[in-house]
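Just so it is clear, none of the values below were taken in a lab; they were calculated from the coordinates. As the structure is a prediction and not an experimental result, all values here were calculated from the model. Here the Cβ positions follow ideal geometry from the backbone for every residue, glycine too, while neighbour counts run over all protein chains shown.
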């Protein structure tokens with residue numbers, strides 16, 4: 001078998017690894033990795049110095065006291081709340097947000113719990129989710145995701161603004177959110193969004209609809225601005241709306257003076273006209289006196 005030769009004609013000898021050289025290389029790499037840690041220690045040098053001093057003085061008692069009172073030591077090191085940045089707030093009352101965060105300028109940063117603040121924020125009706133974080137040395141960032149107002153829910157004589165899932169977000173200033181659909185009855189707040197999405201595809205019907213009325217928590221009526229009630233079949237709202245849209249396009253059905261349009265039967269349409277006006281009473285003729 002042929003072997004490669006060196007320039008002098010001899011096969012190169014296999015040398016043992018240069019262990020001292022490898023050791024020096026390893027040490028250099030270790031020193032390189034240690035530099036970021038050393039820089040981080042410099043950033044928290046004040047706290048570290050206090051901790052080491054307490055540990056050397058009394059590791060059993062003072063160190064425990066240091067851990068339990070970390071907020072006070074952080075304040076001594078200059079870690080106080082200087083700024084609270086709030087993002088995403090549009091409808092949530094500012095005073096509720098301030099109370100839920102529960103921190104003021106000058107409070108110790110290490111005494112603030114982002115998890116507790118987030119839990120309090122998410123208990124507010126307007127808040128769907130919250131993100132809270134500390135940014136040392138003195139900034140707290142709060143980012144809110146709010147619920148979107150969807151409809152005004154009327155039930156038992158009360159009114160409230162609800163989101164698409166039926167969650168009540170406010171019972172005040174109902175006219176502050178622009179024109180919203182009106183849903184009426186028990187269960188209407190939870191199921192109204194599905195019917196409204198169907199109505200969006202039928203603009204002629206939607207424009208004439210005043211309210212979506214939930215009947216016995218099973219089916220829907222559409223109360224039109226004209227006073228007409230459209231009775232929709234349970235579970236078959238989409239085909240009924242398609243049929244109603246076609247009838248209106250051909251016969252202007254929704255503009256007729258009707259008391260109700262009953263679409264609950266699949267094979268027929270029942271129209272209920274308003275009651276006929278009662279005839280006006282005729283004045284009685286006075287009889288003259290006879291001589």
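With R₀ fixed at 35 Å, the C-beta to C-beta distance from residue 252 to residue 90 puts the FRET efficiency at about 0.25.
Rounded is the label for the stretch 200-271, because a/c, from the alpha-carbon gyration tensor with a ≥ b ≥ c as root eigenvalues, stays below 1.5. Looking at the square roots a ≥ b ≥ c of the eigenvalues of the Cα gyration tensor of the stretch 151-272, which shape do they give, rounded for a/c under 1.5, prolate if a/b is larger than b/c, or oblate? Prolate, because a/c is 1.5 or more and a/b exceeds b/c.
Given R₀ = 41 Å, FRET efficiency for residue 141-residue 226 by Cβ-Cβ distance, to 0.05? Display every interim value, and only then the final one.
On the way: r = 52 Å, r/R0 = 1.28.
Using R0 = 41 Å, I get an efficiency of 0.20.
Only bridges whose two residues both fall in the stretch 131-271 count here: according to DSSP, what percent of them are antiparallel, nearest 5? Kindly include the intermediate steps, with their values, before the conclusion.
On the way: 23 of 31 bridges.
Approximately 75 percent, going by the DSSP bridge assignments.
Shape of the stretch 83-146 from its Cα gyration tensor (a ≥ b ≥ c, root eigenvalues): rounded if a/c is under 1.5, otherwise prolate when a/b > b/c, or oblate? Because a/c hits 1.5 or more and a/b exceeds b/c, the stretch 83-146 counts as prolate.
Projected label points at residue 206 and residue 265, each 7 Å from Cα along the beta carbon direction, are separated by 3.2 nanometres.
First measure r as the distance between the Cβ atoms of residue 284 and residue 123, then evaluate 1/(1 + (r/R0)^6) with R0 = 51 Å and state the FRET efficiency to the nearest 0.05.
Calculated transfer efficiency: 0.10.
Out of all DSSP beta bridges in the stretch 216-291, what portion is antiparallel? Express it as a percent rounded to 5. Taking every DSSP beta bridge with both residues in the stretch 216-291, the antiparallel ones total about 65 percent.
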